[in-house]
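The next block holds one structure in the form of structure tokens; read it before the comments.
The values are calculated or read from the model by the stated rules, or taken from the named source; none is laboratory data. Source: prediction; values computed, not measured. Here the Cβ positions follow ideal geometry from the backbone for every residue, glycine too, while neighbour counts run over all protein chains shown. In case anyone asks, the SASA skips ligands and DNA or RNA and just uses the protein heavy atoms, side chains included. Shrake-Rupley method; radii C 1.70, N 1.55, O 1.52, S 1.80 Å.
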There are 2 protein chains.
Amino acid sequence: MKFSINRAILLEEIYKANKILDLKNPNPTIGGIFLELTMDKLTIISTNTVLSFKSVLTNNNADLDINEPGKILIKGRYVIEMLRRLDDQYVNFTAVENSELRISTTSSEFNINILDAEDYPSLGFREKGTILELDGQEFKRTLAQTLISIDEWSKKLSLSGLNVHVTNESVIFSATDLFRISQKTISLTDKETEEINITIPYKTLLELPKLLENAEKLKIVISEGYVTFVINNVLFQSNLIDGQFPNVSAAFPQEFSAVIFVESKKLLKTLNRADLPNDDGLPQIINLRIEDDSIYVKSTVSEVGNYEEEFKDFKLEGTGNLVISFNSKFLLEALKTFDNEPIKLQFVNPTRPVVISKQRNDKLKQVVLPTYLGN
Amino acid sequence: MKFSINRAILLEEIYKANKILDLKNPNPTIGGIFLELTMDKLTIISTNTVLSFKSVLTNNNADLDINEPGKILIKGRYVIEMLRRLDDQYVNFTAVENSELRISTTSSEFNINILDAEDYPSLGFREKGTILELDGQEFKRTLAQTLISIDEWSKKLSLSGLNVHVTNESVIFSATDLFRISQKTISLTDKETEEINITIPYKTLLELPKLLENAEKLKIVISEGYVTFVINNVLFQSNLIDGQFPNVSAAFPQEFSAVIFVESKKLLKTLNRADLPNDDGLPQIINLRIEDDSIYVKSTVSEVGNYEEEFKDFKLEGTGNLVISFNSKFLLEALKTFDNEPIKLQFVNPTRPVVISKQRNDKLKQVVLPTYLGN
């Protein structure tokens, strides 16, 4: 195997491939990155058995200049370190007697031991199935808005991921840890999709934002037991979570006694002050007393002190005189997903969840259960 | 005690006072920050027994508005957290029955428990002694350039700090861990100082850069056993290290067989590539073979691979044909202290130290001993 390639582009792709590796896997082969050079392209593959990564580089997208096809299995870390430290625009990769890789430029030469490529498993990447085409950046925002409510370690396996419900008109992304629900709806332009209901593991979702960094378009391919994300020249494939995701929409209150209209950032700042860190590691409780013209925000940090603030910068519709308490982390994380937008918080009573959405539309809903301590 | 003050300025000073505290000290009083309000100023004091901090705020520098003099002892952490989260320009501090501090603004009120101010020790700050006046930023650079060679845990106590040797004309700052020496000379404008030789503890030096951030002027007051740094409204006082610091200048070679003239950044990049991380935690050795037109830089990472690069971007004076090896960390750290400047590396032979300085002047000298493995 022998080729020359754009250093920065190769570095970027090997870096992505390396990122998903499970370094605790006792099989060193699985910890390697597989490079296969054919007559027209270089394919970079890695896997951690749940997730698999594949990137295809060509002369078009990476100035690839092929000298001699072949395949090698490299340890990513040192190759990444070396590529990062080189200044040259191009680098040469040459396999030396199947046991060494030589990375060279005009003035330098790095010889590094490699693994046995013959041992690498053959991985299947699925590119057929139900296909959703989404805006890459909108999907990235959706991840940030919903991931907060996933409990990766939930005892109920089906809750440990993001539920994707495709209907005739839209995709609904839902996550819940049973204390709160995050739900985002994206309309579909191509309205001939069959109904699908899958749940994607949390670990997979954590890797996606980096891959989506500047991606304009994203193709999601859903097939039996797998989801594959196609982002430019990269395929990113994951197992799915088995089991029925609960119908979280049924948990949303429909009728409200009080609705608060507010700038999310202003309310956030006040709540943030009331959310003082405490040493005992217990969740911090924030108490809201909602009256017609003021919200009194109160909190107590045991053995430290207490905080109270009068918040006036809002509008109320419905009946005031509501006293309700929340786990501050849940409320703050929910508010943060709205950027700096006018939002509404819809309340029923001290025991029923608050539903938070933008004033313009309710494509994003954050539902948070209060902490009800009785009287 | 009752006063109102500029929130951001108070936050900054309490933050600095808090930073030196030793939270492992079993005496909670020593972990507190002492605030003393008199008729014309607020004094903020903290100590960790080796270092002491004092800052004086007035109406002039902090919009201080005094209502009722008094003194309190606060726990810094929560006060800092609260001041940081408030938006208001001014805050009110009120002592409530000697056991609580109330921090309030127009709309908010934070009540926090405090410590007993009567228990706080009386600390003496020395403002008399030999006084050096230095440029704050030049001293900050000097710290960055010399601290690399201090071994905080040196068995020889006198080496665990920065030596300051004041002569009639200049101050010489020296540090050594016995493998390398960093030495910086600053000329004095006021040439009537008596000769002084003191050593400042490493921990003290670590705190100084933050205090010097934007300081134009720095006054160093040296008295028996103590050094006090006066930076604007802040006094920062430290114990000194006992014991004789070695005469490191005597270790500098005076005659050289080969001198290399080079841009520090270019050589750094090459050495950086040869300094690959290794897993076994042993220091990485870089080997240089210096010939008339080329320096061949070589390194080996055991069980990983080896690197070689030909470096040509330099000028040689004297005899080439020198083969010499260094601990890569020592050589890289020394080169990094020169920013992006033309420097010279002066060699004697494979067993004697290299002396590195700027081409323009030798106010900063980095001396690094080679690793001589015999033949």
Original post:
Restricting segment A:172-190 to residues that are outside any strand (DSSP E or B), open to solvent by 20 Å² or more (accessible area, probe 1.4 Å) and out of contact with any Leu (no Cβ under 6 Å at 6 or more places or on another chain), which is farthest from A:Gln366 (Cα to Cα)?
Top reply: A:Asp190
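Quick grid of which residues meet (1) assigned to a strand (DSSP E or B); (2) within 11 Å of chain A (Cβ to nearest Cβ); (3) surrounded by fewer than 19 Cβ atoms within 10 Å (Cβ to Cβ):
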residue: B:Ile72; (1), (2), (3): yes, no, no
residue: B:Val79; (1), (2), (3): no, yes, no
residue: B:Arg84; (1), (2), (3): no, yes, yes
residue: B:Asp87; (1), (2), (3): no, yes, yes
residue: B:Asn92; (1), (2), (3): yes, no, yes
residue: B:Ile103; (1), (2), (3): yes, yes, no
residue: B:Thr106; (1), (2), (3): no, yes, yes
residue: B:Glu109; (1), (2), (3): yes, yes, yes
residue: B:Ile112; (1), (2), (3): yes, yes, no
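Rundown of residues vs (1) among the basic types (Lys, Arg); (2) closer than 24 Å to B:Glu152 by Cβ; (3) touching a residue at least 24 places away in the same chain (Cβ under 8 Å), yes/no style:
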| site | (1), (2), (3) |
| --- | --- |
| B:Leu188 | no, no, yes |
| B:Glu195 | no, no, yes |
| B:Lys203 | yes, yes, yes |
| B:Ser238 | no, yes, yes |
**OP:** Go through segment B:130-153 and count every residue that is assigned to a loop (DSSP other than H, G, I, E, B) and in contact with a Leu (Cβ under 8 Å, 6 or more places away or on another chain).
**Re:** 2
**OP:** Looking only at segment B:54-63, decide whether some residue is within 14 Å of chain A (Cβ to nearest Cβ) and closer than 24 Å to A:Arg273 by Cα.
**Re:** no
**OP:** For segment A:291-301, enumerate the residues that are open to solvent by 10 Å² or more (accessible area, probe 1.4 Å) and out of contact with any Asp or Glu (no Cβ under 7 Å at 6 or more places or on another chain).
**Re:** A:Glu291, A:Asp292, A:Asp293, A:Thr300
Original post:
Pick from A:Glu138, A:Glu194, A:Glu169: which is open to solvent by 20 Å² or more (accessible area, probe 1.4 Å), under 19 Å from A:Lys365 (Cβ atoms), more than 13 Å from the chain's Cα centre (by Cα) and not assigned by TED's automatic domain parsing to the domain that holds A:Asp22?
Top reply: A:Glu169
Original post:
A:Asn92 is checked against (1) more than 18 Å from A:Asn6 (Cα to Cα); (2) at pLDDT 95 or above and fails just one. What number does that condition carry?
Top reply: (1)
Subject >> Residue check for A:Ser223: more than 20 Å from the chain's Cα centre (by Cα), polar (S, T, N, Q) and outside the structural domain of A:Ile343 (by TED's automatic domain parsing) >> reply: yes
**OP:** Among the numbered conditions (1) touching a Pro at 6+ places or on another chain (Cβ under 8 Å); (2) surrounded by fewer than 20 Cβ atoms within 10 Å (Cβ to Cβ), tell me where A:Gly161 comes up short.
**Re:** (2)
**OP:** Could you grab me the full set of residues in segment A:253-312 that are at the interface with chain B (Cβ under 8 Å from one of its Cβ atoms), part of a strand (DSSP E or B) and under 22 Å from A:Val355 (Cβ atoms)?
**Re:** A:Phe311
**OP:** Go through (1) free of Cβ contacts under 8 Å to residues at least 60 places away in the same chain; (2) open to solvent by less than 50 Å² (accessible area, probe 1.4 Å); (3) over 19 Å from A:Ala175 (Cα atoms); (4) of a type in the set (S, T, N, Q) one by one and return the number of the condition A:Ser357 breaks.
**Re:** (3)
Original post:
In this structure, does B:Ile222 turn out to be touching a residue at least 12 places away in the same chain (Cβ under 8 Å) and open to solvent by less than 20 Å² (accessible area, probe 1.4 Å)?
Top reply: yes
**OP:** Report yes if B:Leu35 is within 14 Å of chain A (Cβ to nearest Cβ) and more than 23 Å from the chain's Cα centre (by Cα), otherwise no.
**Re:** no
**OP:** Considering every residue within segment B:25-42, establish whether at least one is assigned to a loop (DSSP other than H, G, I, E, B), free of Cβ contacts under 8 Å to residues at least 12 places away in the same chain and open to solvent by 40 Å² or more (accessible area, probe 1.4 Å).
**Re:** yes
Original post:
Can you name the number of the only condition in (1) open to solvent by 70 Å² or more (accessible area, probe 1.4 Å); (2) closer than 17 Å to A:Pro370 by Cα; (3) outside any strand (DSSP E or B) that A:Val323 fails?
Top reply: (3)
**OP:** Taking B:Leu332 as meeting all but one of (1) of a type outside the set (Phe, Trp, Tyr); (2) within 14 Å of chain A (Cβ to nearest Cβ); (3) more than 25 Å from the chain's Cα centre (by Cα), write down the number of the exception.
**Re:** (3)
Original post:
Taking segment A:116-129 on its own, how many of its residues are open to solvent by less than 50 Å² (accessible area, probe 1.4 Å) and within 11 Å of A:Lys219 (Cβ to Cβ)?
Top reply: 1
Original post:
Residues of segment B:339-369 being over 20 Å from B:Glu255 (Cβ atoms) and over 23 Å from the mean Cα position of the chain (by Cα), which ones?
Top reply: B:Pro342, B:Arg360
